[in-house]
Amino acid sequence: MKILTIPALIFALIFSFGSDRNLFEGEISYLIHNPESPLSETTSMSLTFNNNRIFVDSNVSMNVMAGLSARGVLVRNDLQDFILITDEKEGLKVAKTELESLVTLMNRMQGRQEVAERKPFPWDEKVTETGQTRQIHGYTTHEFRLKGDTDDEYISVWLTDGIKVNWGVLLDAWYSTGTLQFDHEIPVEMVMNSNSFPLLIEVFRGDTKVMKAEALSVKRSGFDRSKTSVPSDFKLLGLADLMMNFFRQQR
């Protein structure tokens, strides 16, 4: 089993609509690390939700393409776009309709070919519900296990139906471009759907836990709502600006 890279896991976690009355508003903070290797990279990540928007922040920059890293991502479902935070006062605005062009540019800059269309995920063969439950931050979670390539490898995902969020254009983006860009080890529907939310993901090889992504806190109040807004002095670049810079560099 290939273990998802940190950027891919973040993409997956942040990449279904539900009733607005039941949508979660608040902030969920995660810690992603290898508990068996204290010297390994540790990633902190927080997701802030309101009815129409999601802001993802991390202590690890996400490498979008050569020369372009994002410190955070703001998903604006109400405006059907994404803002990649590239600097404290600057970001790249990408409309949902422009996403395919951005992915094409990313592949071109990285000399990468798109993955061929994938076959449907074998749910019946790979995924089982264990019947185990666990209380995490006051929410009842249920364990689902995803089989690996060998008998001693599996991923444990603990989901709660007490948290439902509007993934909106992120989920649309995953189905239109993400499935062709990232490893398909965890089907996105397990961690991003309209009926449940992951509070703990653990990867096992034999009896050894090699990766853990755990929710450290879940806040429904006392969180910074301004994270889902763009400051008035924030400079937004468009995809056309990025492409022009790319073509200038190729000369």
Asn166 - would you say it is modelled with pLDDT under 90, surrounded by fewer than 20 Cβ atoms within 10 Å (Cβ to Cβ) and closer than 28 Å to Asp81 by Cα?
no
In region 209-223, anything farther than 17 Å from Tyr139 by Cα and in contact with a strand residue (DSSP E or B) (Cβ under 7 Å, 6 or more places away or on another chain) is listed as Lys209, Val210, Met211, Lys212, Phe223
Test for Leu13: is it modelled with pLDDT of 90 or more, aliphatic (A, V, I, L, M) and in contact with a helix residue (DSSP H, G or I) (Cβ under 9 Å, 6 or more places away or on another chain)
no
Neighbours by Cβ (under 6 Å, 6+ apart or cross-chain): first from region 220-236, within 10 Å of Phe55 (Cβ to Cβ); second part of a loop (DSSP other than H, G, I, E, B)
Thr228/Asn50
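The values are calculated or read from the model by the stated rules, or taken from the named source; none is laboratory data. Being a predicted model, the structure only gives us computed values, none of them experimental. Heads up, the Cβs are rebuilt from the backbone with ideal geometry, glycines too, and the neighbour counts pull from every protein chain shown.
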